[in-house]
Amino acid sequence: MSHDKKTCSCHGTAGQPAAHTTGPIALSTPRPKVTLPKMIKVAKADEALYRQVIEAAKRASEDAYCPYSQYNVGAAVLTFDGEIHAGFNVENCGYSQTIHAEESALTRALGSGLLRRAAAQGVDQFHAIKAVAVYAPKGSDPWPCCNCRQFLGEFGYDMHIIGEEPKSGRILCLTLGQLVPFAFPIEEVLRSVRGER
């Protein structure tokens with residue numbers, strides 16, 4: 001195939017620009033400043049319980065297997081019936097096989113029969129988890145990575161994501177929904193798969 005300016009698609013056709021350019025392009029569409037979500041004030045009645053969940057995440061981080069990143073993370077899940085299940089990151093030299101702390105903690109909660117217990121009490125999967133604490137000794141906040149936000153989202157966006165502000169020790173709290181605006185509509189997808197719509 002010849003590399004002719006008249007016939008080769010890399011030079012563009014009919015007056016349209018080529019697929020690639022030699023310098024940066026400028027776009028006119030604005031990029032508004034991102035507005036951060038407003039932190040939720042944890043109720044006094046919940047503070048002691050939330051601190052227990054955070055402490056479970058801290059303890060779990062000590063058992064992390066992280067020889068490649070040296071970045072240990074612990075997480076703990078608080079279920080609708082008050083159980084706390086903790087987990088930690090488990091790295092793998094194949095990188096994509098790494099298990100994140102949130103995945104580990106949630107899998108442990110599911111393995112305890114969480115969804116069965118919830119169904120028996122009329123609680124659906126989207127309300128079976130009340131809160132998830134995340135702790136990384138080298139981190140500055142408890143917010144899960146985007147991969148874990150999607151993973152947790154399978155179980156609803158109302159759950160609280162909690163952790164401690166490193167300097168003050170105050171509890172930081174947002175809903176998963178605040179961290180994932182315009183989330184993938186999992187409930188809608190499940191209704192469709194089940195033939196309910």
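Read-outs: derived from the displayed coordinates by stated rules, not from any lab. Keep in mind the model is a prediction, meaning the values are calculated, not measured. Note that each Cβ is placed from the backbone with ideal geometry, even for glycine, and that neighbours are counted across all protein chains shown.
Here's the picture: a label point sits 7 Å out from the Cα of Ser168 along the beta-carbon direction, and within the stretch 109-152 the residues with their amide nitrogen under 18 Å of it are 140-143.
Using a Förster distance of 45 Å, how high is the FRET efficiency between Arg197 and Gln70, based on the Cβ-Cβ distance and rounded to 0.05? After rounding to 0.05, the efficiency reads 0.45. I'm spelling it out carefully: the read-out is Kirkwood radius over Cα pairs in Å, the candidates are [x] 17.4; [y] 19.5; [z] 16.6, and one was derived from this structure. Which label? It is the value labelled [y]. Per-residue extension of 0.36 nm, minus the Cα-Cα distance of Gln97 and Phe80, leaves a gain of 3.2 nm for this segment.
Overall, the chain carries a charge dipole of about 560 debye about its Cα centre when +1 sits on the Cβ of Lys and Arg and -1 on the Cβ of Asp and Glu, all other atoms neutral. Helix 101-111 and the longest principal axis of the Cα set of the chain meet at an angle near 60°.
When peptides 89-95, 174-180 are sorted by average Cβ neighbour count within 10 Å, with the highest value leading, the order is 174-180, 89-95.
Mean residue ellipticity at 222 nm, helices only, the chain: -8000 deg cm²/dmol; runs of at least 4 DSSP H residues each add -39,500 (n - 2.57), and the sum is divided by the number of residues. First measure r as the distance between the Cβ atoms of Asp158 and Arg59, then evaluate 1/(1 + (r/R0)^6) with R0 = 35 Å and state the FRET efficiency to the nearest 0.05. After rounding, the FRET efficiency stands at 0.85.
Taking each residue as 0.36 nm, the span from Lys44 to Val90 lengthens on full extension beyond its C-alpha to C-alpha distance by 13.1 nm. Annotation for Cys145 and Glu187: the two label points, set 7 Å from Cα along the Cα-Cβ direction, are 2.9 nm apart.
Computed extension gain for Thr35 through Thr107, at 0.36 nm per residue and net of the alpha carbon distance, reaches 22.7 nm.
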